[in-house]
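The values are calculated or read from the model by the stated rules, or taken from the named source; none is laboratory data. This is a predicted model, so every value here is computed, not measured. For neighbour counting, all protein chains shown are included, and Cβ atoms are generated from backbone atoms with ideal geometry for every residue, glycine included.
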Amino acid sequence: MREKYHPVLLPVYLLISFLIMISVYPQQGNNESYVENLNYLNWGYNYDSTLVFLESIHTNPFVKIDSIGASVQGRAIWMITIKDTSEYSGHLFRVTIHARTHPAERQSQWLTQKMVEQLIGNSEIAAALRKHIIFNVVPMYNPDGVELNIERGNANGVDLERNWFVSQPEPEVLALRNKYIEFMNDSVPIKIALNMHGDAGSPMVYFVYHHENGTSIPYTVDEKYFISLVRSHWVDGIADWNYNVTWSTGNPLIFPECWFWVNYQKAVLALTNEQIFVSSKNDTVIIKTANALLNGIADYLGAATSVKQPVLSVPNKFQLFQNYPNPFNPSTTINYFILNQSYVSLIVYDALGREIIRLVDEEKPGGNYSVEFKAVNLASGIYFYKLQTEKFTQIKKMILLR
Ligand SMILES: [Zn+2]
C-alpha cells in the first residue's frame, strides 16, 4: 500500500480504512491474486492488520488511541493508552512499550498486542494493573518499513533503533522521543520503558542487559531484579540476565535505552526484550511471555502490595545476586534485594566454612542494596557469601584470583 495516512481521528480513519478493505478485497476474485497480495505483504502483519487490531479494542472503556505523529510517508504512529484510575487516588506508575522498530520482527508486535489484550481483559491481575499503572503502547513504530518490506529501516532506509543520538533524527524517532519527554515531565513519569524486538535465532526469550560500565551498579541491581521477577513467571522460557550482556565497554549512545540512561539515569528502567521466532500471534510462547512480562511489571512496581491477595502474584521476597566481577582481585560487589524490613546479615566464608567478615549485620528497610567486598590479606581460592534474613537464607560462591 502506498496511500499516505495522516494522523486524524481514529474512528474516521478506521471507517475509511474498512470501507476500502471491504470494497477491495472481495473484488480480487480468484485465489491467485489473493496469493499475490499476500506475497506483497511479505513480512506479514502489516499496517492494515494493526488497524484491524486497533478497531477491535478501541471501544474498550480502558482504552484510548491517539496518533503521536507521522512516519516519513505520512502514516500515523498509533499509541494505545490503557488505564483505569477511576476509583484510585494512590500512587501511579507509567510503563511504555514500543514494538516493531524492525519490520521483519513481527513477533515483537504480536507479543505487545497480546499484552494489550491481557491488560484490557477481565482477569483480576489486569484490573489491578490498570488501576496502578498507565500503559502507553506503540504496537507499530515503523509502519513505512513494514509496508515497504524493508528488513530493518524506515522509508529512508534508516534503522530507527540506531537513530536516537544523531543531530537530525527521523520523524518516527522524533515523534516517540517527544512523547517520552512529555511523559517524563508529567506528574506520572515513565518507570519502565520496554523496547520490543525479535530474535528468530534464539531458543529463549531474553532481555538485552546493560552492563554497569555503561550504566551503574545500582542500575544493574534494578535490571537483575526486574529480569528475575519476569523470569520467575516463566523460568523455562525466559533467560536470566547474563544471557545477553551489552555495554560492557560503555554506553554506545545509539539506542533508545542509551537516550533514557543519558537523560534520566536510574529513574527509568529501559530494556529491550527479544522474542523468539513464532509462527502465529496466538502462539503459546507469545501468551506465556505476555503473562510473564505483565506479572513481572506488577511485582517490580509493587502493585501487589496495594491490592487484595491473590490478585497479583507474590513477588520474590528476597534475592541474592552473583557478585561482580567474578573472579575478582581484590574487590568485588555483591547486590541483594529484600522486599520488607528485616534483620539482615551478609557474611563471607572461606572454603572451610570459617567466617571471614560480616559485611552486613543490622536491621534494614526493604530495597535494593549493594555491598563492596575487599579481599585484604586473603589467598586465592573459593569463598562463599551468605545472605540471611529472618525468613530466608541464600549462599553463593565467588573466586578470588590473585
Ligand atoms: Zn530488532
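Numbers at a glance
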| item | result |
| --- | --- |
| Glu161 outside any loop (DSSP other than H, G, I, E, B), touching a Phe, Trp or Tyr at 6+ places or on another chain (Cβ under 8 Å) and under 27 Å from Ile238 (Cα atoms) | yes |
| Filter result for Leu111 (within 13 Å of the ligand (Cβ to nearest atom) and outside any strand (DSSP E or B)) | yes |
| Some residue of segment 360-374 being outside the structural domain of Lys224 (by TED's automatic domain parsing), in contact with a Lys or Arg (Cβ under 8 Å, 6 or more places away or on another chain) and surrounded by 11 or more Cβ atoms within 10 Å (Cβ to Cβ) | no |
| Exclusive hit being of a type in the set (Gly, Ala, Ser), assigned by TED's automatic domain parsing to the domain that holds Leu194, more than 16 Å from the ligand (Cβ to nearest atom) and surrounded by fewer than 18 Cβ atoms within 10 Å (Cβ to Cβ), set Ser67, Ser89 | Ser89 |
| One residue from Asn178, Asn195, Asn154 being assigned by TED's automatic domain parsing to the domain that holds Ile227, in a strand (DSSP E or B) and of a type in the set (S, T, N, Q) | Asn195 |
| Unique match (being within 16 Å of the ligand (Cβ to nearest atom) and within 18 Å of the chain's Cα centre (by Cα)) among Leu160, Leu229 | Leu160 |
| Residue among Arg106, Arg100 that is crowded, with 21+ Cβ neighbours inside 10 Å and at positive phi | Arg100 |
| Top-ranked residue in segment 198-215 [being closer than 19 Å to Trp241 by Cβ and not in a loop (DSSP other than H, G, I, E, B); ranked as nearest to the ligand (Cβ to nearest atom)] | Val208 |
